[in-house]
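K.L.:
Let me give you the structure first, and then I'll get to my questions.
The values are calculated or read from the model by the stated rules, or taken from the named source; none is laboratory data. All values reported here derive from a predicted model rather than from experimental measurement. FYI the Cβ positions are ideal-geometry reconstructions off the backbone, even for glycines, and counts take in every protein chain you see.
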Amino acid sequence: MERDDILTAALTLLDEGGGQGLTMRALATRLGVTPMSLYHHVEDRTGLLRALSDRVYAEVLETTGRPADHRAEIRAILTRYHNAVGRHPQLTLAIFAEPEAFAGVSRQITDRLTSLLAEITAEHILWRDVLVDHAHGSGLALTTARGDQKQAESVREQYQHALDRLLDQLVEP
């Protein structure tokens, strides 16, 4: 059993049953091992959530080129984050329920947004919180569109429109 197998099974459990469905015992049962054997790969449930977060959100900070400006980079990061939240909403909810799991890539995303926003507004903490909360809310709303591609695309378009309107409100320091 590899760590990657554990993370794949854990993410599947989260996606299927929500945060309450992801226990070390349920994960061990899914993998056909004893719960104690999991602790050789992850320290505890919080560590497991951190590892899942790192895996799911890793793409958020990846860049495919030099963004035109800070707003463009903020938009790109938040769009990728919104999409990741929409694909695995139960992970986001589980992290909300266990704030100790907020670390690693999740923390890096927050720090990068804070830094970029500090370059364009004196109220960078306020705007970071507004923009991240907006990404969470809209990303979680994608769960209502599961299986309905047209509705999901509509939610994504509405998110992009609202995000652009919010970014237009940022004031240079």
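K.L.:
What are the residue pairs meeting all of these: first residue in segment 18-31, first residue not assigned by TED's automatic domain parsing to the domain that holds A97, second residue not in a helix (DSSP H, G or I), Cβ atoms under 7 Å, and 6 or more apart or on different chains?
P.N.:
Every condition considered, the pairs that remain are A28/T34; L31/M1.
K.L.:
For segment 1-42, which residues satisfy the criterion of being part of a loop (DSSP other than H, G, I, E, B) and of a type outside the set (F, W, Y)?
P.N.:
M1, E2, G18, L22, T23, G32, V33, T34, H40, H41, V42
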